[in-house]
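One structure below.
The values are calculated or read from the model by the stated rules, or taken from the named source; none is laboratory data. In this text the structure is predicted, and so the values were computed from the model without any measurement. Here the Cβ is made from the backbone with ideal geometry for all residues, glycine too, and neighbour counts use every protein chain on show.
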Amino acid sequence: MILSHIPGRIRIQLPGPAELNPSLALLEETKGVTAVQANPRTLTLLAHYDPRVLPPEQITGLLEKTGPKVRKPARRRGPSGMRTAKRGMASCLGVSLMAALLGREKIHLASGGLFTLLLGYHLYIYRKRLFL
């Protein structure tokens, strides 16, 4: 799967560790590829290439020969409600700061409390990513 691509640089996620070494060797031998880095921990390849010599479609075509089809990434989505929680935290923070500047202590405390609740929800949802 193509994780990122700009002309001259492409990062590709491989489906498994068996494809890492053959894909690395194939790209190193390809004309137009100037540098290749493999990351076995994340199963990714980072290839620097000359876009005038080698179009990115040809790179993905070569990699399809060593393993499963290389595809464009699906749009990533976080857990449901996260966008709302993040926007709510940003809004609460803004209201809390404005209330503090204007001397409105009750509004400041209420929005700060709501911010804390939304932050707790956020941390609960992302607990596995944060506390490994």
field: Number of positions in the stretch 7-48 that are surrounded by fewer than 17 Cβ atoms within 10 Å (Cβ to Cβ), assigned to a strand (DSSP E or B) and without any contact (Cβ under 8 Å) to a residue 40 or more places away in the chain
entry: 5
- prompt: Only one of (1) closer than 22 Å to LEU14 by Cβ; (2) modelled with pLDDT of 90 or more fails for LYS69. Which number is that?
  reply: (2)
